[in-house]
């Protein structure tokens, strides 16, 4: 009975026209069972014995290819990292991880810049002359 009441209250809150939190709400609801199971199992992460290293060439080409693919919709950072690592002969897993991280960072920064730029142009277009 508590589950039905809680889901009803959550439905009333979520479908309120002034509520803008559907994405965090759904993310939390889908993540909760996995997090709860992990907490109850009592497992711990094993100690890492490798040192993290950053491949500078891969990170630089990952940044550039991430900026390039952010201009085209539907192309992900995985494609950008494949583009970034392919010219080098030493394409190991560390190079790929460095390129993927750099491409994801470049995508996120450019997406936010485009978001703010589009909001600025929208505000300017609605002003009366």
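Applying the criterion of being outside any loop (DSSP other than H, G, I, E, B) and surrounded by fewer than 17 Cβ atoms within 10 Å (Cβ to Cβ) to the residues of the stretch 44-61, the residue that is modelled with the highest pLDDT is 60. Based on what the data block shows, is residue 64 closer than 30 Å to residue 77 by Cβ, touching a helix residue (DSSP H, G or I) at 6+ places or on another chain (Cβ under 8 Å) and surrounded by 10 or more Cβ atoms within 10 Å (Cβ to Cβ)? Judged against the criteria, residue 64 is a match. Cβ-Cβ contacts under 7 Å between residues 6 or more apart (or on different chains), taken from a first residue in the stretch 107-129 that is surrounded by 10 or more Cβ atoms within 10 Å (Cβ to Cβ) to a second residue that is at pLDDT 70 or above, are listed as 107/66; 107/70; 107/77; 110/67; 110/70; 111/70. Which of the residues belonging to the stretch 67-82 are surrounded by fewer than 20 Cβ atoms within 10 Å (Cβ to Cβ) and in a helix (DSSP H, G or I)? Passing the criteria: 67, 68, 78, 79, 82. Just name the residue that is surrounded by the most Cβ atoms within 10 Å (Cβ to Cβ) out of those in the stretch 13-43 that are more than 19 Å from the chain's Cα centre (by Cα) and outside any helix (DSSP H, G or I). Filtering first and then ranking leaves 19.
The values are calculated or read from the model by the stated rules, or taken from the named source; none is laboratory data. Model, not experiment: these values are computed from the prediction. Note that we place each Cβ from the backbone using ideal geometry, even for glycine, and neighbour counts take in every protein chain shown.
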